[in-house]
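See structure below.
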Amino acid sequence: MKKENDSKSLSSGLAPPDLEAIRGVFCEMLEDFCGKAEVPDDIGGIGGPSIPLVDIKILINEITSASTKKILHLVPLDTLVRVINVLDHQIQCGQGLSINENENSSAEVLPAVLHALESTHAVLVIMTQQDMPKQLYKEEVIERIVDFSRYQIMEVLAAYNPIYHNSYEPNENGEFDYDEGEDVDNGPVAKKRRNTRTANAKKSTVNKVSTAVYTVAQKLCSILDYIKDLLSTVRLADSCIFQLLKASVCTFLVDNIQLLQLKSINLLCGVFASYPEHRDFLLDEILHLFPKLQFSKRSLRAYHLPDEEHKQIQMITALLIQLAQFGTNLPDAIKTASNIDAILSSPVDATCPSKCRDVAQMVAVALWTNVIERCTNTKAHDLSESKTILENLVTDLLTTLNLPEYPASASILQVLCVVLLQNAGLKSKDISARCMAVDVLGAIAARLKRDSAVCRRETLWILQKLVEGEPKLCNEVNDACCVCLSGKGINVDCRLCHRLFHTDCLGVSGQEKLARDWACHVCLCKNQLSVLQSYCKPRSKDDIKSARDAAESSTEEPDLSSKFEILQQILLNYLEDTGQQDDASLLTRWFYLSLWHKDILVSQESIIYLIARLKSKTILSGSEGTLSLSRNWAKKICLALGQKLSFSRGFDTILTHLVASLREGSSILRAKALRAVCAIVEADPEVLCDERVQTAVEERFCDSAISVREAALELVGRYIASHPEVGLKYFEKVSERIKDTGVSVRKRAIKIIRDLCTSNTTFPEATNAFIEIISRITDEESSVQDLVCKTFYELWFEEPSECQTQFVGDGSSIPMELATKTEQIIDMLRTMPNHHFLITIIKRNLALDFLPQSAKAAGVNAVSLASVRKRCELICKRLLERILQVEEGNTNEEEVCTLPYVIALQSFCLVDPMLCAPATDPSQFVVTLQPYLKNQVNSKSIARLLESILSIIDAVLPLLRKPPLSVIEELVQDLKHMIIRHNFLTVVHACIKCLCSLSRLSEKGASLVEQLFQIFFRHLCNPNFDNKKLLERSLFCIGILLRYGNEFMIRGSDQQPHVVRGLWLLKKYLRMEDFGLKVRALQALGYTLIAEPEYMLKEDIGKILEGSLASDVDPRIKMQAVQNLFEYLLEAENQLGIDGNTRSRTQNSEYAKTSVPVAAGAGDTNICGGIIQLYWSLILERCVDVIDQVRESALKIVEIVLRQGLVHPMTCVPCLIALESDPLETNSKLAHLLLMNMNDKYPSFFECRLGDGLQMSFKFIQSIAKNVTSSNARGKFDAVAIAHIRQGISRIYRLIRGNRISRNKFMHSIVRKFESGYGNIPSVSFLLYCTEILATLPFTSLDEPLYLIYDINRVIQLRAGALEANMKIWSSFAQQAGSIKVPDASNKLNEELEGHISKQHMELPVESTSITTEEMELPMESTSVPMEETLQKFKFDWLDSIALQLLLKLKRHLKIIFGLNDARCQAFSLKEHPKTVESISRQNITFSASDVSTSFPTNYGDIVHKYQELKAALKDDAMDYVAYTSNIKRKRPPPAASSPTPPRPKPPPLPRPLRRL
């Protein structure tokens, strides 16, 4: 419809005489048109069109011209009625004709259809004009137009999609009855359409339709436009509305008719706005389309967004958005108002904004209720399609979110979030519904966070001015452009705020020019709002003019609310400038205003102000000159305004619920929630700093599933490098995961910490990070060790890519970057207990043996090796410089600041002494460090410093060809002085070792070695027991001198070797009573035997070693003996490594990769193997010693022995199994590592010694428990020990759990302990121990407890019958011997008791029923004591009965906690493969065998009770037992069991104990 101002402007140009003349000419033309028409009297039949098609088109053009000139309403009513009747006849001629019929009739049908379409067009042009007489709007004519248009629309749809045509055939009346067919979702039509999507996709329907169909479709588009205008002109009947709705909705089911679909959207929106009573019906029709839509088609998204390149959405989504925005149909007076007076005089309801929002909410609720209900209640085969519908809708809405033309997208998404946060989503009982809700909410939250981050970083000058304040640079530079902040080429300025702009930045081309009074967008809208506010207040015209002038001259900054109003007005002006002058643009702006004032109470005065803002450009047209806003700027403004809406503010609520989902019990839901949080973090990594997110993610670090823990670490690690503040927050928890049980988790944690250190050079936790990483160099997984080495290679030893230009000082060759890395090493060493880990890192980096296998196969690059070596040499040089610098600045002699530098230098030197012997000056390090040996302070730190310096000198001395004589002489004197006088023996040890190395270079050193030996030997030969410390020192020095300097000692021709003399002296002191001297002598003996190991094979020395390794000697003696053997093996291994390195130069490289160094072969060709095998049994005994330190050292010996292959691995298995339960965590971990390696290499050895290991484990725990004397400590130890036992056995079981045969052997070896005849008779406590172990095994499949029950049934079947017969004989014998009158088992009382027991068996889930002593009263004669011999014979059967009772108790426990019934247990077979899909559920019930009586009988009455207890236990298990043995032919019992009781004078023979056949 045209506006009134247009009417005035068009009609003002014509004088009344001219207007009359034109009207007359137009009326004559209409009369001629009607006269030419030949209308038959009987219109019951179709006589064909009577008017040429060209005449109708000319008529349409004339009517359109007349309507433009506003003269159509001046035509006489009779003439218009006559024209409409003529055109109506043409419509009747084409009614019911199909353009899709056969070709023979197309020549007749097509002209009639085209005539009817043109006639319909002409009628609608007349009817949609303003001020037309009401007599023209005949109901029958309008209904015929609607029916004809609907019919032709359906024909066009059928032409574009033949399947659609077959589905909707017309009935007898020519009407389509598609809505009366089968259900949309399940009917054959819908299924046929879904099944033929793929086939139809391959065909092109664009080229299949004829030109006639295309012409009809184009004309129908024009007709639909006029029908939409007709809706606001006259009220149509409900039947017409229903036909229009159904026909328009059906257009969305066919592809390649986008224009017709767009016109249908406009029509449906018009109906929705003008006919509120039909809104529910329209929504139902639209929602029923979803199952029919072809989502797999390429044309799924055919609605092109304005000015959005390559962005499209579904037509159905565009329809829903526009329906939500057409919620309120504004009065026509508002729509056509052109000035403020018209607005002020128009009646407007103050609730209009809220009604607009309510309608949008109604549309959204209907949509999501339908869609989500389909997703949760649909059958499995249609579930994927329902979820696809939801995903496509959400994707479309997110695409249109914050675009200027689609404000309703935010409201629709907000309703979806509310629905998903309630019972239909996250609170649903259905896990699939909760997973769907998490996915959708995660996508929405990620988009909200991404928009928030983009808006936060936005630099648009309008936003900075109104949201963040004036741009800084614009303030600082007065002549800068506000857009690009550049000061060159300024072309225009704002006349109000005087901001400067480039014309190019404003989007003005070279030909365009701005007005002199041009105002920027901000100033213009500020002025507009001021004027509109003044208009809406009742004032005089002078007041309004003064308000306008004041607004233009005002320079005050508006407040925050005013700033956002200005920003809103800029967007409204943009929409009014760029949008079409129709209802859609108007209602879009009105929807924005209703959203912005959602939380504000709207009064009558404020509603007028809102409408004035809605029509601001029209009201204030011509008052200001400005430039149109670019679309890019409009989108940025729309995004900024969207952050203030309630939908965007709801992000925190969504995030809170997603974080809560991370704690769900379902691992699937936790994984989806974690992915949702990942998407949010990807949008804005600063979310990780949120306290809620941080807590939830850190909780997932400790998740039970390894994959979830790794995913949580991956989430943090992805952004920890780019956001240092995130790394600092998560460092502590990430570093804890470096000790995780999952290998992948440990690797990921190491990589995260590495990235954190490399990306942030000033990371405050770098030292702790290095310590955490280097601690995994001893990881049991080799790949983790390689990763640790590679990490430190990248951190410290890799040559930087850029050229080094900064050095630490003038003339220095140490780059500043390397000096920084050196300080990092020192900082790490300061907090580490020792430098062993650093030595390993240096050693492996110098060899680069951590590289991938591909690099190792190709050979390590010599250039890389040389580069690492050069870096290490520079680090050593820097360390030496820092030692001198720190020492010069140190004023406190007792404070050893240089100690960490010396220890670091020692670490490098121990790996390769050549690093401390540069080619230019090999003696530099020795000469520099030698003066520090003169330090006279006796403290622990000084002693540690001297040890490290002596170690460096000792390693470098052999590399010097001609050391300075002065240095050598001074060094000899310093060493002699410290050997004789220094208080710390560790320093003395280092001095003697260094002296012996020096003896190879200087004769003075060799003579000093001989001299020192003689001095200490004389002290020991003539002992002064008053000076005990001197004697201990002499013994220690004798041992060290013999170990390192035996070759330098010169003996006379008549003297015995120094070793022999030393051994004679040490044996003398070993026989002394003084314990301190004895221990020191044993230590010296160990040093001596390292130099001459063959003496360990001699008888006298062997007895000494065996005696010191015995279990009953003092712990310090045992500790020293074990330590001696450990040091001997270390020395042998070191020597072996040196020899191996020498041989490796000539060995094949492939052989070197796979071979293992062996110190002794099977034939003991090496003395080391013979020595170890000689004392091996004693070493294994010490592995299970009660002293922790002894066990620890002995286990280290076992580790070395296994590594060198000195003994058979099978001999170690029982001992290692026992140590799996060691309360000392270090021992249990090492034992488990050794067992793991052994199981990989020798699985058969591991399995066959499992039973022996179990028995040794029991003895070990018993010995540990006996060693604890205090009652409090004993109670505490029992709790800890039981926990360690369970953990240890569980770790062993996990090693072999993957192999069914191995795990069955494991369980069978334990069950076999309950059977007699396998060697030693087990004790009751051992049987209880085995039962406890079996009850706590970590089963992961039902096949495991089923096999255990199967094995228990086997034992019962084999042993129960004979054992029960034997126990019955014992009971008879006890009754006869003790004159006991016991009721027969078949009497009534006993039967009732047994029935009661059987009933309790079915009722009580945990504890089985047994007959106790209190339940069976015996006469006093039962207390008579049998003979000792009789009790000993009964003991065997008593142990067997206890074993069976424990097995039955265990069987009952397994059935209860795993929910196994009798049928399930009986159906188990070893021949059947286990069901992999069978899940296991375990109840948390603790096993208890306290109700099994384990006390040994002391009288005849107890013997009878033991029989009754066994009988009751077997009775409880009768069902399983009978079912298990039903197919087994039972042998007849032996005659002794069935023979009558002999007379009392001749008691029956005692039964023999059961033995294995």
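The values are calculated or read from the model by the stated rules, or taken from the named source; none is laboratory data. Note that the structure is a prediction, hence the values are computed from the model and not measured. Virtual Cβ from ideal backbone geometry, glycine too; neighbours counted across all protein chains shown. With ligands, DNA and RNA removed, areas are computed over all heavy atoms of the protein, side chains included. Shrake-Rupley method; radii C 1.70, N 1.55, O 1.52, S 1.80 Å.
What length, rounded to one decimal in nm, is gained on full extension from Thr778 through to Ser232, with 0.36 nm per residue of separation minus their alpha-carbon distance?
Working: separation 546, 0.36 × 546 = 196.56 nm, distance 8.35 nm.
Full extension of this stretch gives 188.2 nm more.
For the stretch 979-1018 and the stretch 415-444, what is the separation of their C-alpha centers, rounded to whole Å?
81 Å
If packing is taken as the average number of other Cβ atoms within 10 Å across a peptide's residues, how do 1482-1492, 115-125, 904-914 rank, most packed first?
Working: 1482-1492: 12.5, 115-125: 25.3, 904-914: 21.7.
Final packing ranking: 115-125, 904-914, 1482-1492.
Once the piece of chain linking Glu798 and Ile600 is laid out straight, how much longer is it, given 0.36 nm per residue of separation minus the C-alpha distance between them? Spell out each step's value before the answer.
Working: separation 198, 0.36 × 198 = 71.28 nm, distance 6.44 nm.
Stretched out fully, the Glu798 to Ile600 stretch lengthens by 64.8 nm.
Quick one: accessible surface of Lys228, probe radius 1.4 Å, all protein chains present, in square angstrom to the nearest 10.
About 50 Å², rounded to the nearest 10.
From the square roots a ≥ b ≥ c of the eigenvalues of the alpha-carbon gyration tensor of the stretch 71-159, which class results: rounded (a/c under 1.5), prolate (a/b over b/c), or oblate? Can you show the working numbers first?
Details: a/c = 2.97, a/b = 2.30, b/c = 1.29.
It comes out prolate by the Cα gyration axes.
What distance in nm separates the simple spin-label points at Ser585 and Tyr137, each placed 7 Å from Cα in the Cβ direction?
2.7 nm
As an exercise, use a Förster radius of 51 Å and the Cβ-Cβ distance of Ala342 and Gln806 to find the FRET efficiency, rounded to the nearest 0.05. Numbers along the way, then the final one.
Numbers: r = 77 Å, r/R0 = 1.51.
With a Förster radius of 51 Å, E is 0.10.
Amide H to amide H, which residues 5 or more places from Val1184 or on other chains are under 5 Å from it, using H placed in the peptide plane?
Residues meeting the criterion, in which the H sits 1.01 Å from N, do not exist here.
Can you give the extra length, in nm with one decimal, that the chain gains between Cys1248 and Thr761 once fully stretched, where that is 0.36 nm per residue apart less the Cα-Cα distance? Present the calculation step by step, with values, prior to reporting the outcome.
Numbers: separation 487, 0.36 × 487 = 175.32 nm, distance 5.51 nm.
Extra length from Cys1248 to Thr761 when fully extended: 169.8 nm.
For the stretch 970-1119, which whole-number percentage of the solvent-accessible area (1.4 Å probe, protein heavy atoms only) is attributable to carbon and sulfur atoms? Before the final figure, lay out the partial values.
Details: 3380 of 6880 Å².
So the carbon and sulfur contribution to the accessible surface is 49 percent.
Given R₀ = 56 Å, what would the calculated FRET efficiency be for Glu817 paired with Ser354, taking r from the Cβ atoms and rounding to 0.05?
On the way: r = 67 Å, r/R0 = 1.19.
It comes to 0.25.
Give me the accessible area per residue for the stretch 606-714, probe 1.4 Å, as a whole number in Å².
On the way: 3950 Å² over 109 residues.
Per-residue value: 36 Å².
Tell me which residues come under 5 Å, amide H to amide H, from Val492 once H is placed; ignore anything under 5 positions away on its chain.
Phe501, Thr503
In whole percent, how big is the carbon plus sulfur part of the accessible area of the stretch 710-821, probe 1.4 Å, protein atoms only? Mind showing how you got there, number by number?
Values: 2240 of 4900 Å².
Ligands and nucleic acids excluded, carbon and sulfur reach 46 percent.
Quickly work out the Asp32-to-Ser562 label distance, labels modelled 7 Å from Cα along the C-beta direction, and quote it in nm with one decimal.
Taking the simple label geometry, Ser562 and Asp32 are separated by 6.6 nm.
Give me, ordered by chain and number, the residues 5 or more places off Asn402 or on other chains with an amide H under 5 Å from its own placed amide H.
Long-range HN contacts for Asn402: Ala410.
Skip the ligands, DNA and RNA, and give the accessible area per residue of the stretch 240-319 with a 1.4 Å probe, whole Å². Don't skip to the end; give the middle numbers.
On the way: 2770 Å² over 80 residues.
I get 35 Å² per residue for the stretch 240-319.
Name the chymotrypsin sites (Phe, Trp or Tyr not before Pro) in the stretch 230-324 that are in a loop by DSSP and that have at most 16 other C-beta atoms within 10 Å, would you? Let's see the in-between values first.
On the way: sites: Phe242, Phe252, Phe272, Phe281, Phe295, Tyr303; in loops: Phe295.
Answer in residue order: Phe295.
In the stretch 603-696, carbon and sulfur make up what percent of the accessible area (probe 1.4 Å)? If you can, show how the numbers build up before the last one.
Values: 1730 of 3490 Å².
The computed percentage sits at 49.
Classify the stretch 889-979 from the C-alpha gyration tensor, please: rounded if a/c falls under 1.5, else prolate or oblate depending on whether a/b exceeds b/c.
Numbers: a/c = 1.95, a/b = 1.35, b/c = 1.45.
Judged from the Cα gyration tensor, the stretch 889-979 comes out oblate (a/c at least 1.5, b/c at or above a/b).
Within the set Lys1067/Lys1098; Lys843/Lys940; Lys1028/Lys1068; Lys219/Lys263, which residue pairs have Cα atoms separated by over 18 Å?
Too far apart for the 18 Å limit: Lys843/Lys940.
Over the stretch 358-449, with the other protein chains present, what is the accessible area per residue in square angstrom, probe 1.4 angstrom? Don't jump to the answer; show the numbers that get you there.
Numbers: 3250 Å² over 92 residues.
Solvent-accessible surface per residue comes out at 35 Å².
Based on the Cβ-Cβ distance from Lys644 to Glu277, what FRET efficiency comes out when R0 is 22 Å, to the nearest 0.05? Don't jump to the answer; show the numbers that get you there.
Working: r = 35 Å, r/R0 = 1.59.
Efficiency, rounded to the nearest 0.05: 0.05.
Taking a 1.4 Å probe, which of Lys1118, Lys1259, Lys733 shows the most accessible area, and what order do the others take after it? Don't skip to the end; give the middle numbers.
Values: Lys1118 5, Lys1259 125, Lys733 70 Å².
Accessible-area ranking of Lys1118, Lys1259, Lys733, largest first: Lys1259, Lys733, Lys1118.
Read phi for every residue in the stretch 1224-1229 and hand back ³J(HN,Hα) as whole Hz from Karplus 6.51 cos²θ - 1.76 cosθ + 1.60, θ = phi - 60°, with x for Gly and Pro.
Using θ = phi - 60°, the values come out as 7, 4, 4, 5, 5, 5 Hz.
Checking the table Lys427/Lys747; Lys246/Lys598; Lys1118/Lys1266; Lys1266/Lys1455; Lys246/Lys387 against a 28 Å threshold on Cα-Cα, which pairs fail? Walk me through the intermediate numbers first.
Values: Lys427/Lys747 37 Å; Lys246/Lys598 34 Å; Lys1118/Lys1266 19 Å; Lys1266/Lys1455 35 Å; Lys246/Lys387 26 Å.
With Cα atoms farther than 28 Å apart: Lys427/Lys747; Lys246/Lys598; Lys1266/Lys1455.
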